[in-house]
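These notes are about the structure you will find just below.
The values are calculated or read from the model by the stated rules, or taken from the named source; none is laboratory data. Computed from a predicted structure; not experimentally measured. Positions of Cβ are generated from backbone atoms using ideal geometry, with glycine treated the same way; all protein chains shown enter the neighbour counts. When the accessible area is computed, the model is the full protein with side chains, heavy atoms only, and any ligands, DNA or RNA have been set aside. Shrake-Rupley method; radii C 1.70, N 1.55, O 1.52, S 1.80 Å.
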Amino acid sequence: WPEDFSTSSAVAICTTGMTPAGSFHAMVMLSGSGLTLISPNTVVVDVAVTGISPSTGSAGGGTVLTITGNGFSPLAEQNRVYLVLLPPSPTTATNNTTQLTTDAATTTAVLCDILTANTSQLICRTRQYDEILSAKLTGGDGEVGNGKWIMQVQVVVCPPVSSSDGAYEADAIAARETCIAQGAASRCDDSTGGCLFSYDILETPTIGYVSPATGQRGTVITVYGRNLGNVTELRFAWRTGMAVRTCRTSPGVANTTADEDVEAVFCSVPSNLPYGVYDIVLVTDSGTVSADPYKAGRFANQPVINNVQPQALSLAGGMAVTVSVQDDGSGGGLQPDGPDGARTVVLGAGLLGPLGLACPDVT
């Protein structure tokens, strides 16, 4: 697209659009004269990754990666960063310079969320990759094995997928395949530092279990697991992954097991934590987050029922039942705080069937 051109100038300036990788001659068409000028030299359009820092991080995600190279878009939304799982081969681990093809678009890849971008540097935050920890569960005792899972960092430069088009993850994958087919995926320039990143089990705070698993505001809970030495924060998150409240952690004593690898951290349940069941997420001082391969990192903040009136009901039903809870000073009562906002009162669970009898009207 012309930006600056005049008949008295020997220079024409234009801005390129999305261009596939390759070498191109510059062609100038002089309108009205019928002349077409071709440059003797070529312009190279290339996307390459030349360095990754750091080279290892937590399988739970949260590692901030700095990716250096060339050919990136200065617009963050036009770049996509993928961590592509490589086969556990010494060859690919030490000398992986193969240009990924459309076949690689269907391999296991984890998105890295871009924070900032310019033409020579991208900064992104890694996502959690549960499959790594699941695959590393070895031995009869169910312990997580030690090891690294090598990923090739791949940058794909594509036009952004408009959310107004109703585009979701499937559309993003299809767009990635299209961009790779058009040559817009980065090559790996291993001569200047490589393009490999490893999810490292030893750098992953791993949750084993939480004790106690239920409690109220002010309850001191202890999280047992591995690689917890740098954990400074505990998050209480809804099932959607949204952190509701946090608390600062302190080192605990793992005196419940003879396993020297087990560590512990503890903190008090915040006084303003809404009632509900939460996923526990641990965060290190560098911002990396924990993994929970056993799905045991859960805590239920629940009120204590201290009275039910009346204590005698009619078989015919129709009577109002008042349930009161212990006042912990927060004023929360039984008001639902969860994302679903659902309230259910059940009578006789276990006696009147496995689920009991639900009160149809709850106020």
* Asked: Are there any pairs, at least 6 apart or on different chains, whose C-beta atoms fall under 7 Å, with the first in the range 12-37 and in contact (Cβ under 8 Å) with a residue 24 or more places away in the chain and the second open to solvent by 60 Å² or more (accessible area, probe 1.4 Å), and if so, which?
  -> Met18/Pro159; Pro20/Gln182
* Looking only at the range 31-49, which residues are touching a strand residue (DSSP E or B) at 6+ places or on another chain (Cβ under 7 Å), open to solvent by 30 Å² or more (accessible area, probe 1.4 Å) and either in a strand (DSSP E or B) or closer than 30 Å to Arg226 by Cβ (or both)? -> Thr36, Leu37, Ile38, Thr42, Val43, Val44, Val45
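Yes or no, residue by residue, for (1) modelled with pLDDT of 60 or more; (2) among the aromatic types (Phe, Trp, Tyr); (3) in contact with a Cys (Cβ under 6 Å, 6 or more places away or on another chain):
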residue: Leu137; (1), (2), (3): no, no, no
residue: Val157; (1), (2), (3): yes, no, no
residue: Ala174; (1), (2), (3): yes, no, no
residue: Cys179; (1), (2), (3): yes, no, yes
residue: Val210; (1), (2), (3): yes, no, no
* Asked: Just to be sure, is Leu202 open to solvent by less than 50 Å² (accessible area, probe 1.4 Å) and at pLDDT 75 or above?
  -> no
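Residues are listed down the side, and each one gets a yes or a no for (1) modelled with pLDDT of 55 or more; (2) in a strand (DSSP E or B); (3) in contact with a Ser or Thr (Cβ under 6 Å, 6 or more places away or on another chain); (4) crowded, with 19+ Cβ neighbours inside 10 Å:
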{"position": "Thr68", "(1), (2), (3), (4)": "yes, yes, yes, no"}
{"position": "Tyr82", "(1), (2), (3), (4)": "yes, yes, no, yes"}
{"position": "Thr97", "(1), (2), (3), (4)": "no, no, no, no"}
{"position": "Asp103", "(1), (2), (3), (4)": "no, no, no, no"}
{"position": "Ile114", "(1), (2), (3), (4)": "yes, yes, no, yes"}
{"position": "Thr119", "(1), (2), (3), (4)": "yes, no, no, no"}
{"position": "Leu133", "(1), (2), (3), (4)": "yes, no, no, yes"}
{"position": "Asp141", "(1), (2), (3), (4)": "no, no, no, no"}
{"position": "Trp149", "(1), (2), (3), (4)": "yes, yes, no, yes"}
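Residue-by-condition table, conditions (1) closer than 24 Å to Leu228 by Cα; (2) β-branched (Val, Ile, Thr); (3) modelled with pLDDT of 70 or more:
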position: Ala264; (1), (2), (3): yes, no, yes
position: Ser286; (1), (2), (3): yes, no, yes
position: Asp292; (1), (2), (3): yes, no, yes
position: Ala296; (1), (2), (3): yes, no, yes
position: Ala320; (1), (2), (3): no, no, yes
position: Val325; (1), (2), (3): no, yes, yes
position: Asp337; (1), (2), (3): no, no, no
* Asked: Residues in the range 3-28 that are at pLDDT below 80 and open to solvent by 90 Å² or more (accessible area, probe 1.4 Å): how many?
  -> 7
* Asked: With respect to Tyr224, is the statement that it is in a strand (DSSP E or B), open to solvent by 20 Å² or more (accessible area, probe 1.4 Å) and at pLDDT 80 or above true?
  -> yes
